[in-house]
Amino acid sequence: MKKKHVIPVAVLSSALFMGTVSPAQTLAVSPNANTEVVQKKVHSEGKGKPFFVKEMQAEKQKSADSKAAKEFLNNNKAKFNMDKPEESLESANVTKDELGMTHVKLQQKKNNIPVEGNEVTVHYSSDNRVQSVSGQFNEAIEKEGLPSKASLSASESIKLAKEAVKAPDQLVESPDSGLVYYSFQGENHLAYKVNVNFLGDNPGNWSVYVDANSGEVIDQYNKIMHAQDYKASKGSGIGVLGDHRKLHITHKNDKSVQQPGTNFYLFDNSHEDLEGIYTYDMKNQWGDSDVQFPGVLFSSPNASFKDSYDSPAVDAHYNSEQVYEYFLEEHDRNSIDGEGMAIKSSVHFGQDYNNAFWNGEQMTYGDGDGEFFVPLSAGLDVAAHEMAHGVTTYSAGLKYRFQSGALNEAFSDIFGALVDEEDWEIGEDIMAEDARESGRTSLRSLSNPSKYAVGEKYTPYGDGNGKYPSHMDEYYDLPINLDNGGVHINSSIINHAAYLTGEQIGKDKLGQIYYRALTVYLTPDSDFSHARESLIQSAVDLYGDNSAEAQATEDGLNQVGITE
Ligand SMILES: [Ca+2]
Ligand SMILES: [Ca+2]
Ligand SMILES: [Zn+2]
């Protein structure tokens, strides 16, 4: 009998709750380590919910810029629960999209310090009328008397943050720390937001909020985004697929290496305005010993990378380029940040590592244990999933927990199914033979999410069925310490809505609508309901009111029970 493979993914149910702020660690490597932290922080709804208000301004404005946007908000301040929007909001950026709409994003500030997660965007139609306003604004912070000076120093905050997340000495980059106003459990703090990024077998890219006066660690969460997490076990592997790939590589004459001469590198510098596509070798280390992240640039003494050891690197390199081309051609987006940032991947991460992740800066792939997964870079949809996390980081910034986290995961799966366009499964090319034989032929399914079980520990939090949910009736009400509150589980409800819409209008239009929602309307604390408004509005922007596309978008969401 085959071993049963269980997927450590979480589940939850209950009403739609949003903007949940609570600490957690995504990696299921040592699930109990965080329980303690988690339990002392029970979330209660704070001020500042994402909103979306449709408007149609009667008169055209002379211009659509931050001054006009602030004036508009000032004239309607009661409606938006703002006191002094012209003082409390500062221009963050103004973009014009291909439909001629202008989006003026304003960051909430107090005493010149940003209010974390609170920004308001005024959307103008192409004839400069305010069409809608979205975002979130913390009216309590605006009115409350809060300290403007910190008694703690930035370096003290970094020390406390590193202790809180048990960071090793060796970090990916030196932590940065900056002052923000932060709302947690209904209390507002002047806090240092500290970023701590490290590798090892339990990598972390943590945001830690330290009260700037008391030194208390208010909140912490891990932004590393995993495909999934499986325990490694020994088994026989099948190596990566065997496709013959054409690659863009570079070579150089290297005198510093053991065998001086010309070396060839998985570094692609052939794309104009792109910093490059780089593929690195972690040499089966975890990044905490002799091989430091991101590893060494993958190289070969000749232009052919044909050893079996090369194969995960070949796939990572090739698939990165495919995903880059997708975002450029379909969405006119130049790389992850839209500005041509380098696309980096590391392969051979750790040993038998059954996962892939985006750590905030790059993609990382394990080799799999050969029993559940083959090397994970073999999946084009996996590469698209991970790179889409990067796009989300640089656009909506969806927080990686509860519903906003489930949206973050869902957008990654949806782009996975759009780039790898022939099917609606995620991970069908990375399943090892044992897994396939046990009936696990993909990691997740957008067309039929409920064909797979979520794993026993999540079952009690759902409807008892123990399957991935396809409808809000099957929603899993999970605590933060289980899959960050169900980010890989409840995502399947959104996945399925996208599938239902896509079957009606095709993947190209589906991609346009979802991409627009992600980059124009969604905000860090968006919940499913906010996503519904954002997706429908995006379809209306692109295809018109009452269009078949807008109808299909709404229909997909209705069918999974996201009706308002
Ligand atoms: Ca496929
Ligand atoms: Ca697929
Ligand atoms: Zn993910």
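Mean sequence separation of contacting Cα pairs (under 8 Å, at least six apart), scaled by the length of segment 149-223, corresponds to a relative contact order of 30 percent. Size estimate for the chain follows the Kirkwood approach: the inverse of mean 1/r over distinct Cα pairs works out to 24.3 Å. Which distance in Å, rounded to a whole number, links the C-alpha centroids of segment 329-385 and segment 498-564? Here the answer is 26 Å between Cα centres. Modelled this way, with points 7 Å down the Cα-to-C-beta line, the labels at ASP307 and GLU503 are 4.7 nm from one another. Nearest 0.05, what FRET efficiency do ASN112 and VAL296 give at R0 = 51 Å with Cβ-Cβ as r? Taking R0 as 51 Å, the efficiency between ASN112 and VAL296 is 0.75. Placing one equal scatterer on every Cα of segment 328-448 and applying the Debye formula, the log10 ratio I(q)/I(0) at q = 0.10, 0.18, 0.19, 0.20 Å⁻¹ is -0.30, -0.97, -1.07, -1.16.
Quick check on segment 250-396: take the gyration tensor over C-alpha atoms, sort the square-rooted eigenvalues as a ≥ b ≥ c, and tell me if it's rounded (a/c under 1.5), prolate or oblate. Cα axes put segment 250-396 in the oblate bin.
Mean sequence separation of contacting Cα pairs (under 8 Å, at least six apart), scaled by the length of the chain, corresponds to a relative contact order of 16 percent.
Spin-label pair SER214-GLN351: with each label point 7 Å from Cα along the Cα-Cβ axis, the two points sit 4.5 nm from one another.
About its Cα centre, the chain has a charge dipole of approximately 1160 debye under the convention of +1 per Lys or Arg Cβ and -1 per Asp or Glu Cβ, with nothing else charged. Spin-label model, GLN559 to GLU87: label points 7 Å out along the Cα-to-beta-carbon direction sit 5.2 nm apart.
Once you divide the Cα radius of gyration of segment 51-143 by 2.2 N^0.38 Å, the number left is 1.01. Mean residue ellipticity at 222 nm, helices only, the chain: -8000 deg cm²/dmol; runs of at least 4 DSSP H residues each add -39,500 (n - 2.57), and the sum is divided by the number of residues. Multiplying the residue separation of ASP243 and GLU437 by 0.36 nm and subtracting their alpha-carbon distance yields 67.6 nm. Each of VAL560, HIS123, ALA497 was scored by the projection of its Cα onto the charge dipole of the chain, and the greatest displacement toward the positive side belongs to HIS123; charges sit on the C-beta of Lys, Arg, Asp and Glu. Among the listed pairs LYS77/LYS109; LYS77/LYS143; LYS62/LYS109, those whose Cα-Cα separation exceeds 18 Å are LYS62/LYS109.
Once the chain from LYS143 to ASP463 is taken as fully extended at 0.36 nm per residue, the excess over their C-alpha distance is 111.0 nm.
With a Förster radius of 35 Å applied to the C-beta separation of LYS49 and HIS251, the computed FRET efficiency comes to 0.05.
Over segment 362-408, the hull volume per residue, using the convex hull of the C-alpha atoms, is 86 Å³.
Here, each number is a calculation from the coordinates, and none is a lab measurement. Since the model is a prediction, treat every value here as computed from it, not as a measurement. Counting neighbours? That spans all protein chains shown, and the Cβs are built from the backbone with ideal geometry, glycine included.
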